[in-house]
Structures are given as C-alpha cells and as structure tokens.
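Reading through the structure tokens given below for one structure.
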Amino acid sequence: MDKRVAWILGLSAVVIVAAAITVMVVLSQGGDDGDEPEPDPTPTASEAATPTPTPEGPAANAGQFEADGYPIANVFGMHPDLPVDDAQDEKTLGLSAAPASADGAPVFADPEDAEPVAWLPQEERYGGTVVPVIEQHDAWIRVLLVGRQALPGQGDASQLTGWLRTADVEIDENEMSVEVDLSAQTIEVVDGTGSEAERETIATEFAWGAAATPTPTGRSFVMLTEVTSLDYARGHPIVYLSEQSQTLAGFDGQDVAVTAFHYHDVRSGSISNGCLRVDEAAITRLAELPAGTPIYIS
C-alpha cells in the first residue's frame, strides 16, 4: 500500500470515530427530536385546614333552666337585678326578638352570670314578649324589656334591659320606628335607617306630659295595642309602650303607670299624665305597627 492509500484510510477512520461520538452525544441528550426529560414534579404544600372562627362576644351558656322560680318579665314586674337602659339616645339594631319556645326564655342581667334573674314568656296577656335588640353577639343579644327596676321614689324606674341567649329566641328584621319630637311637635313613622329612610309625618299637634308627670324620653317600644272600654279613647285602639312614668307609681287604681299613644278630644300642649294624646288618623296609623317597634321620644 502506498502512502496516498494509507492517508485516505487513516482519514476515513477518523471520520467514522467522530460520527460515532456524535451519535453517542445525541442519544445521551434524549434523541434528536429536541425533547427534554420532564423534571420531577415539585411537591405541593398540603392545603391548610380552615380554622374554626372564634365566637364573637361573651361565651355561650348551655345551662338548662325552667320558668318556675323566676319572676316573669311583664308590665307588672319589679326586677331590681335587671339593669336600666344606659344608652337611651341610641337607636336599636332594627331587629326584634321573641322566645322560640312556648316555654319562654331565661333573662340574664349579664351574659357572664351563670343564672338568669327573670323569665320572658312567649305569650303574655299584656304583651311585652316581642322586644327590640340593642346589642347582638354570636351567643347573646341584649334587649329592651317591660317592667321596672323600682317604683319612682324608691329607685330608678327607667326603661329596663336584659340579655337573652340567641339559642332561645327567634330574631326578625323590623326597620319600622316612631320618632316623637316634643319641642317640634311632630310624630313621624320611619321605615328604614339613615338617609334612605322613608318618613311619614302623622301628627303636628298633640298633647304630652305635664311638668309634674312628664312623658319619659329616650327609647322604648310598642308593648301592646288593643281597644279598651276607656271613655276618652272613644273606641280607638291604645298603643301601650314599654316605659312607665318616672313620677307615678301607679295610675287609675292600677299598680302600673304605662306610657301610651291614645286618642283624646283634648290633645294640645303639656297637659297629660305622661301619655301622648293624638287625633284619630294618628292613632289609627300607630296601631298598625307591630309589637316590638322602637319608639324614640326627645
């Protein structure tokens, strides 16, 4: 073999070796189709468990109670352990509550107390069982109540409040209210709250309490509406309120001195024993309001 043939054979061997190396490199990179090996999947963190919400407000009271042994929260009741309303100028929450059970519901002076101090029946001859809510939490509501802490001259006879367990009551919306302005001489039925509220002026002249027997101001609610045989009402309904007189222990032979809206022929100025005397159209409209409707008098 001459030198030229040997050089050609040597060159061919080099080419063959280079081609083999190229094939090995391509194969080691996953083939000639450009595919790359899929990376190992990144482990995903397990979804965190949803935390149980912390109840808002005072802790629940799971005690079992019966009506026997507790004074009834009615218009005749004297409840020295129940607090009087300490925010008379504030609005209620637009909610009404009533006992869910025919057995009624225990009333507490404070949600931290283990034992109730009164009992709210589901039905009561003189009403007061549908009450406005003034404070609301998960397990508790604070409400306005009928009755008094004490008689005038013996203690504070102002509007009472108490606490009910939410498990014991049914709560409904009631955005109706009545606003009485003694100085402006207006009575308005209000539907709604704030600037969106619809206002209906139903009286621009009426009578209210005399200096010795003033009409209680602040917030109260409709306790009972009924037609009575009282002559001055002339057959029109009387709308009784939850708050009683601050100066009279009783009235007309009764042990109560309930404030009310009612018809009267004489109905102008500061002349009554605390009631609000109105005309026929006004008392007819007021009588349409449901029990528990808030009343604001200023």
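The values are calculated or read from the model by the stated rules, or taken from the named source; none is laboratory data. Note that the coordinates shown come from a computational prediction; the quantities given were computed from them, not determined experimentally. Cβ: placed from backbone, ideal geometry, glycine included. Neighbour counts: every protein chain shown. Remember, those area values only see protein heavy atoms, side chains included, never the ligands or the DNA or RNA. Shrake-Rupley method; radii C 1.70, N 1.55, O 1.52, S 1.80 Å.
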Going through (1) without any contact (Cβ under 8 Å) to a residue 12 or more places away in the chain; (2) surrounded by 15 or more Cβ atoms within 10 Å (Cβ to Cβ) one by one, Pro152 fails only at (1)
Any residue at all in region 217-227 that's buried (at least 21 other Cβ atoms within 10 Å of the Cβ) and of a type outside the set (A, V, I, L, M, F, W, C)?
yes
Output the residues belonging to region 249-288 that are buried (at least 21 other Cβ atoms within 10 Å of the Cβ) and within 13 Å of Ala210 (Cβ to Cβ).
Ser272, Gly274, Cys275, Leu276, Arg277
May I ask you to list pairs of residues, at least six apart or on different chains, whose Cβ atoms are under 9 Å apart, with the first in region 278-289 being among the β-branched types (Val, Ile, Thr) and the second being assigned to a loop (DSSP other than H, G, I, E, B)?
Val278/Glu205; Val278/Phe206; Val278/His264; Val278/Arg267; Ile283/His236; Thr284/His236
List, please: which pairs have Cβ atoms under 7 Å, are six or more places apart or on different chains, and start with a residue in region 87-116 that is at pLDDT 95 or above and end with one that is basic (Lys, Arg) and open to solvent by less than 30 Å² (accessible area, probe 1.4 Å)?
Gln88/Arg219; Thr92/Arg219
Just give me the residues in region 185-209 being under 30 Å from Thr247 (Cα atoms) and open to solvent by less than 70 Å² (accessible area, probe 1.4 Å), in sequence order.
Gln185, Thr186, Ile187, Glu188, Val189, Val190, Ile202, Ala203, Phe206, Ala207, Trp208, Gly209
Could you check region 228-248 and list, in sequence order, the residues that are open to solvent by 40 Å² or more (accessible area, probe 1.4 Å) and over 18 Å from Val75 (Cα atoms)?
Ser229, Leu230, Asp231, Tyr232, Arg234, Gly235
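For region 73-119, what are the residues that are closer than 26 Å to Val190 by Cβ and either touching a Pro at 6+ places or on another chain (Cβ under 9 Å) or not aliphatic (A, V, I, L, M) (or both)? Spell out the reasoning first.
Pass one, region 73-119, residues closer than 26 Å to Val190 by Cβ: 75, 84-98.
Answer for region 73-119, where residues must be closer than 26 Å to Val190 by Cβ and either touching a Pro at 6+ places or on another chain (Cβ under 9 Å) or not aliphatic (A, V, I, L, M) (or both): Asp85, Asp86, Gln88, Asp89, Glu90, Lys91, Thr92, Leu93, Gly94, Leu95, Ser96, Ala97.
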Over region 101-113, the set of residues surrounded by fewer than 23 Cβ atoms within 10 Å (Cβ to Cβ) and either in contact with a Phe, Trp or Tyr (Cβ under 8 Å, 6 or more places away or on another chain) or closer than 14 Å to Glu66 by Cα (or both) is Ser101, Ala102, Asp103, Ala109, Asp110, Pro111
Kindly check whether there is at least one residue in region 204-226 that is among the basic types (Lys, Arg), out of contact with any Phe, Trp or Tyr (no Cβ under 7 Å at 6 or more places or on another chain) and touching a residue at least 40 places away in the same chain (Cβ under 8 Å).
no
